[in-house]
Amino acid sequence: MPDIAFFGFAAVTVLGAILALESRDLVYGAVSLGVSFLGVASLFFLLDAAYIGVFQIAVYIGAVVILILFTVMLVGPAKGEGPTEFRRTALFIGILVAMMLGVGGALASPSAFSTNQPCTPECDLAQFSQSLLVTYSVQLAVLSLVFAAAVIGALTLAKSERGTA
Amino acid sequence: MVAPGLAEIFYYLGFIVVATLVPIIALFLIVTPRDAKPSPMKLETYEAGQMPSGRGRTRFIIQYYPYLLIFVIYDVVAMFLFAWALTLRTLQPPGSGTWPILIFMGVLLVPLAYSIHLASQRDLW
Amino acid sequence: MADPISDPIGFSLEIMTSPLFFKVAVFPGLTSIGIIIALFIWLDRKITARVQLRVGPLYASPLGGVLQSFADLIKFAFKELFIPRNADKFFFVAAPVLALIGGAGLVGLIPFTPEWQISNLELGLPAFLAFVTLSPMLILLAGWSANSKYPFIGGLRSLFQQTAYEIPLWLSAIGVVMMAGTMNLIGIVQAQSKPWVIFLGLSIPGWYIIPQALGALLFFITATAEMERIPFDLPEAEPEIIMGWQAEYPGFLFMSAAGASFVRLYAFSALFSVLYLGGWMGPAPVPALLWTAIKIIIVSSLIILLRATFPRVRIDQLLRAGWTYLLGLAFLNIVITYLLVVGPRI
C-alpha cells in the first residue's frame, strides 16, 4: 500500500512539475506548481515527516504559489512564451538526469532508505525542536538574520521598481 | 506493515477521495439532463446592468503588495514557533529553548516594524 | 472479510456496514455535512431575522421553516448551469467544487468524540491550519477565471485578507499548543479534562478559554476573518462588489461556493470548541456528542450574530489592524502563556 501510494504521489509531483514548465498559460503553470508541491507534501507524509509536509503545504502552497499567482495576474493577460525545441531538449535531459540520480542513489546505498529507529511524528518533531533550539541555537540566530535580510531586501526591491516606473 | 500514524493519513486520503467523487458525480448528474439555452446576453458577465467594457481582469491597486511579501517570510517564522511551543516542557535541559527563540523573534521584530512603517506610506507603492 | 470477486454482494455489505464507512459516508462525513449546511443556512437566516425584528423563514415546516433551506438547496441543483463567455472553464467549475471538498476535508480532522473522528492525525492542529490556507488560492482562481471585474476584485481582496489574518491565527493557536504540549486534537481536549478549581462542590472545568482568554478572542476574530463573514467579508461584500468572487456563479456552482463558506463555519466552530471549550467534555452527565453539538451551536450562533450586528471593515483597516494589533496581541498572548506554563523565569 505505501509503495503504490509512493508511486502515485511521485507521479503527481513529476507531472505537476512538467506542467508547470510546459503550460502556455502562466496561471495554469503556477497552479501546476502548487499540485507538484502537494505531491511533495504527500511524500513527506508518507515518510512519517508529517510536520515537514504540513510546513510544505502552509508555506509553499499557502504563500509562495499565491505570491506567484498574484504576480502573474498583476502582470496581466500576457501569455508565457510557448515551449520551444530547446526547452523540450532541456526537459528530456532533465528527466534523464533525475532518473540517473534516482537509480544511482538506490543502487549506491540501500541503507540510505531504511530508518534507523521507529519514531512517531511527534517525537520526530521533538527531536527536530531539540536540535533546532539547543544544538543549533547559534545557527537559529543566524537564520533569523537571513530572514530579516530577506524581508528588507524584498521590500527594497519592490519599492525601487515602483519608484523608477 | 504501516505505522499507526500512516494508517490515519490513509483514512484521511480515502475520505478526501470519496469527498471529491461525490460532488463530481452530483455535477454530472445535474448537467446531463439539462436543456441549456445559452443566449449572448446570458453569457455576458455582470457589470451593474451595463454591457461590460474593457478587460475583465482589471488592474488592481498594488498598494498592499508589501504585506504579501512579508507574509511569505513570517509564515515560516510561525512554523518555527510551533516547533518551539510543542517542546516547551520537554526540552533537555529544561527551558534551554527560551533564549534562542527570544533572540530569533527579537531579531525578526525589527524588519517587521520597518515593513509596517514602509507599508503605511502609500505613495511608495 | 468476504472475497470481492466470488461474493460481491457480501463484500459490499461488509464494506457498507463497517464503522469506517459509516464515519466517512454518514457522520461526521458527507451526509451529515450536507444536512448541516442546510441547518446552518436556516440558523443564519433565523438569527439575522431576529436581530432585524423580522421572523425569517416560517412556513416550510412546523419547526419555523427548517425545510426552507433544504428546498432552496434542491432548487439550486435544478438551475441552468452556464459559464460566462471568455471565462476559464476549468477553474470556473473546479474552484468552488474544490472549496467545498476542502471544507469537508477540514471536518474530517475534527474529533467530535474520540470515536467520532474520521482521521486522528498526530499533527491535527497544524494540518487543519495548513489546509485552511488553500482556500484563498481557490477563491483567487475562481475570481480570476470568471473574467469579470467584480469577481476578480473579490479574489484579490481574499488574497490580501489572508495575509492579515493568517499569522495571528497561527500564533493564537500556539498558546493552546504551549499549554497542552501536543498538537493532536484529541490530546488537546484530554489536556483540558482536569478541573481548574473546586468551589463549593462545583468544579469549574479546566477549559482553555479561561487561561487562554486573549488567545480565544484572537482565534475567534481571525477565524471569522478566515471564514469571510461580516465584518470581514471583503471578498464577497454584497453592497460594494456584488458578492465578489461569487458574482458570476450559476446554480450548482453557486451552491458549492456558498456551501463551502458554511462548511468552514461548521469546521471552525467545532475547532474552537475543541481548542478552548473542552470538546466533548462537560460538567453534566450528558452524552459526549451532545456536548460537542451544544458548543458548536453556541460558537456558530455567536459568529452569525456578528454578521447581523457589525458593519464591514475596510481592507486597509483590516490589513493594518492584522499586522499591528492582532499580531501584537498574539505575541502578548504567547508571553502570558509562557508565564502561566513555565513561570517568571527564562
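Summary table
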quantity	calculated
Electrostatic dipole magnitude of the protein assembly as shown [Cβ: Lys, Arg +1; Asp, Glu -1; Cα centre; debye, to 20]	1520
Shielding by partners - mean other protein chain Cβ count within 10 Å, residues of C:112-119	2
Neighbour-count order for A:Ile93, B:Ile24, B:Ile101, A:Ile152, fewest beta carbons within 10 angstrom listed first	A:Ile93, B:Ile24, A:Ile152, B:Ile101
Under 23 Å from C:Lys79, Cα to Cα: lysines that are on another chain or at least 8 residues apart	B:Lys37, B:Lys42, C:Lys89
Integer Hz, Karplus 6.51/-1.76/1.60 couplings in order for the range C:89-103, x for Gly and Pro	4, 4, 6, 4, 7, 6, 4, x, 5, 5, 5, 4, 5, x, x
Fewest-first sequence of C:Val286, C:Val93 by Cβ atoms within 10 Å of each Cβ	C:Val286, C:Val93
Residue order, fewest to most beta carbons within 10 Å, for C:Phe82, A:Phe6	A:Phe6, C:Phe82
For B:Ala48, net neighbour charge (Lys/Arg +1, Asp/Glu -1) across residues whose Cβ lies under 13 Å away	-2
Surface/4 of the Cα convex hull for the range C:295-341, nm²	4.9
Rg/Rh (Cα only; Kirkwood hydrodynamic radius) as it applies to the protein assembly as shown	0.96
Kirkwood Rh, Cα atoms: Rg over Rh of the range C:27-66	1.08
Note, ³J(HN,Hα) from phi for the range C:256-273, Karplus 6.51, -1.76, 1.60, rounded to Hz, x at Gly and Pro	4, 5, 5, x, 4, 5, 6, 5, 5, 4, 4, 5, 6, 4, 5, 5, 4, 5
Label-point separation, A:Ile93 to C:Val286 (7 Å along Cα→Cβ), nm	6.9
Dipole of the protein assembly as shown, positive direction: furthest Cα of C:Val274, B:Ala48, C:Gly29, with charges on the beta-carbon	B:Ala48
Rg/Rg_ref, the range B:4-124, where Rg_ref = 2.2 N^0.38 Å and atoms are Cα	1.89
Charge sum, other residues only, whose C-beta stays under 15 Å from C:Pro283's C-beta, Lys/Arg counted +1 and Asp/Glu -1	+2
Partners for C:Lys23 among lysines (Cα-Cα distance below 26 Å; same-chain residues under 8 apart left out)	C:Lys295
Pairwise Cα inverse-distance average, inverted: Kirkwood Rh of the range C:83-341 (Å)	19.0
Calculated Rg and Dmax of the range A:15-72 using C-alpha coordinates, Å	11.7, 36
Surface/4 of the Cα convex hull for the range C:206-312, nm²	7.6
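Each reported figure results from applying straightforward, stated rules to the coordinates on display, with no laboratory input. Just so we're clear, the structure is a prediction, and the values are computed from it rather than from any experiment. Here Cβ is always computed from backbone atoms with ideal geometry, including for glycine, and neighbour counts include all displayed protein chains.
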